[in-house]
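K.L.:
Below is the structure I would like to discuss, written out as structure tokens.
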Amino acid sequence: MIIPKRLRNAPLIEAIWQMQFNVPGAGDILAGQLYKALQVNHPRLRYTPLPTANIPPIVSDIDPNLRFAPKIRLEDPDSAFLWQIGSRIVTVNCRAPYAGWERFKKEIIQTINFIRSSGLIETTERHSLRYIDFITLESAPDLSTLRLLIKLGGFDINKNPLQMRLELSDNGVGHVIQIATPSKVGQIGHQLEGTIVDLESYTPQEKNWDEMANEIEMLHDRSKVFFFEQMLTQQAINRMEPEY
């Protein structure tokens, strides 16, 4: 299959690079350092504590739902990018309209270099690329745009409300797929209804900085191939106006 270079009618609503680490207290120090470093290229950057910032570390450390929760958001109103930092996590988020892979990768590598130069973290437990798409080609709930067939006994549930999470191993790369239909996106009063398709691709082994930086392009390529070859039907791709 020939993989499209881009989709003119792209369903992407957010792309996220995420790094997890296990150095107690590093995230709290890193938030301030990263804020100062990013202000060089983002002078209007805003520092916003999230509600999770008020949760005591003794609580968040033992709760798996809070252990990797971001506590601080750094947001530039003039940019599609934002950063989130927690006690054990850093993310770079690119919101729609997507700035393109080369621009996104540049921000990721720059962030990696900032964190590396801080000396706070030597290795990472996990890093990943995550793409969240909102598909509205068919009226939700409808899974006909996906290469997914689900039956329960004699019931074909491809046109029923569904929430699912699936983990797959793909030749050294892990994929976490989450699908929810029907889902609503947008501000109250201006919401659209469709299907959320959330694909996260990662390598499970602990990484040093050089290994992680070298894997960014590979993760992007593997995620893109998986999305087009394993998730979308050819009819859906054609309706999204692919460019080759």
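The values are calculated or read from the model by the stated rules, or taken from the named source; none is laboratory data. Every value quoted in this text rests on a predicted model; they were computed, and no experiment measured them. Using ideal geometry, Cβ is built from the backbone for each residue, glycine included, and neighbour counts are taken over all protein chains shown.
K.L.:
Scanning segment 22-43 for residues that are among the aliphatic types (A, V, I, L, M) and in contact (Cβ under 8 Å) with a residue 60 or more places away in the chain, which turns out surrounded by the fewest Cβ atoms within 10 Å (Cβ to Cβ)? Let's see the steps before the verdict.
P.N.:
Step one: filter segment 22-43 for residues among the aliphatic types (A, V, I, L, M), giving 23, 26, 29-31, 34, 37-38, 40.
Those still in the list that are in contact (Cβ under 8 Å) with a residue 60 or more places away in the chain too: 23, 26, 29-30, 34, 37-38.
Values: Val23: 16, Ala26: 19, Ile29: 13, Leu30: 23, Leu34: 22, Ala37: 19, Leu38: 20.
Among them, the one singled out is Ile29.
K.L.:
Consider only pairs whose beta carbons are under 6 Å apart and that are at least six residues apart or on different chains; among these, list those whose first residue lies in segment 1-21 and is farther than 24 Å from His127 by Cα and whose second residue is part of a strand (DSSP E or B) and modelled with pLDDT under 95.
P.N.:
Correct list of pairs: empty, since none qualify.
Each row is one residue, and each column tells you yes or no for (1) modelled with pLDDT of 95 or more; (2) surrounded by fewer than 14 Cβ atoms within 10 Å (Cβ to Cβ); (3) of a type outside the set (S, T, N, Q).
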| position | (1), (2), (3) |
| --- | --- |
| Glu102 | yes, yes, yes |
| Lys106 | yes, yes, yes |
| Arg126 | no, no, yes |
| Arg130 | yes, no, yes |
| Ser139 | no, yes, no |
| Asp142 | no, no, yes |
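K.L.:
I'm trying to understand the selection: among the residues of segment 194-230, which are of a type in the set (S, T, N, Q), over 16 Å from the mean Cα position of the chain (by Cα) and surrounded by 15 or more Cβ atoms within 10 Å (Cβ to Cβ)? Steps first, answer last, please.
P.N.:
The initial filter retains those residues of segment 194-230 that are of a type in the set (S, T, N, Q), namely 195, 201, 203, 205, 208, 214, 223, 230.
The next check asks that each one be over 16 Å from the mean Cα position of the chain (by Cα); those that pass are 195, 205, 208, 214, 230.
Scanning segment 194-230 gives Thr195, Gln230.
K.L.:
Does segment 231-241 contain at least one residue that is more than 16 Å from the chain's Cα centre (by Cα), modelled with pLDDT under 95, surrounded by 14 or more Cβ atoms within 10 Å (Cβ to Cβ) and hydrophobic (A, V, I, L, M, F, W, C)?
P.N.:
Applying the first criterion (more than 16 Å from the chain's Cα centre (by Cα)) to segment 231-241 yields 231-241.
Those left that are additionally modelled with pLDDT under 95: none.
No.
K.L.:
Going residue by residue through segment 226-240, is there one that turns out to be in contact with a helix residue (DSSP H, G or I) (Cβ under 8 Å, 6 or more places away or on another chain), closer than 24 Å to Ile108 by Cβ and in contact (Cβ under 8 Å) with a residue 12 or more places away in the chain? It would help to see each step written out before you state the result.
P.N.:
Of the residues in segment 226-240, the ones in contact with a helix residue (DSSP H, G or I) (Cβ under 8 Å, 6 or more places away or on another chain) are 228, 237.
Okay, now just the ones that are also closer than 24 Å to Ile108 by Cβ, so 228.
Imposing the further condition that a residue be in contact (Cβ under 8 Å) with a residue 12 or more places away in the chain reduces the set to 228.
Yes, the conditions are met somewhere in segment 226-240.
K.L.:
Then there's this: Does segment 175-191 contain any residue that is touching a Leu at 6+ places or on another chain (Cβ under 7 Å) and in contact (Cβ under 8 Å) with a residue 60 or more places away in the chain?
P.N.:
So far as segment 175-191 goes, yes, one or more of its residues are touching a Leu at 6+ places or on another chain (Cβ under 7 Å) and in contact (Cβ under 8 Å) with a residue 60 or more places away in the chain.
K.L.:
Can you name the number of the only condition in (1) assigned by TED's automatic domain parsing to the domain that holds Val173; (2) surrounded by fewer than 15 Cβ atoms within 10 Å (Cβ to Cβ) that Phe134 fails?
P.N.:
(2) is the only condition that Phe134 fails.
K.L.:
While we're on this one: Condition check: among the polar types (S, T, N, Q) and touching a Leu at 6+ places or on another chain (Cβ under 6 Å). Does Thr124 satisfy that? Outline the logic, then answer.
P.N.:
On the way: among the polar types (S, T, N, Q): yes; touching a Leu at 6+ places or on another chain (Cβ under 6 Å): no.
Spelling it out, it is not the case that Thr124 is among the polar types (S, T, N, Q) and touching a Leu at 6+ places or on another chain (Cβ under 6 Å).
K.L.:
Which condition does Leu168 not pass, out of (1) touching a strand residue (DSSP E or B) at 6+ places or on another chain (Cβ under 9 Å); (2) in the same structural domain as Asp76 (by TED's automatic domain parsing), if it passes all the others?
P.N.:
(2)
K.L.:
Would you pick out the residues in segment 54-74 that are crowded, with 18+ Cβ neighbours inside 10 Å and either in contact (Cβ under 8 Å) with a residue 40 or more places away in the chain or within 21 Å of the chain's Cα centre (by Cα) (or both)? Working first, answer last.
P.N.:
Restricting attention to segment 54-74, the residues satisfying the condition of being crowded, with 18+ Cβ neighbours inside 10 Å are 60, 68-74.
Answer for segment 54-74, where residues must be crowded, with 18+ Cβ neighbours inside 10 Å and either in contact (Cβ under 8 Å) with a residue 40 or more places away in the chain or within 21 Å of the chain's Cα centre (by Cα) (or both): Phe68, Ala69, Pro70, Lys71, Ile72, Arg73, Leu74.
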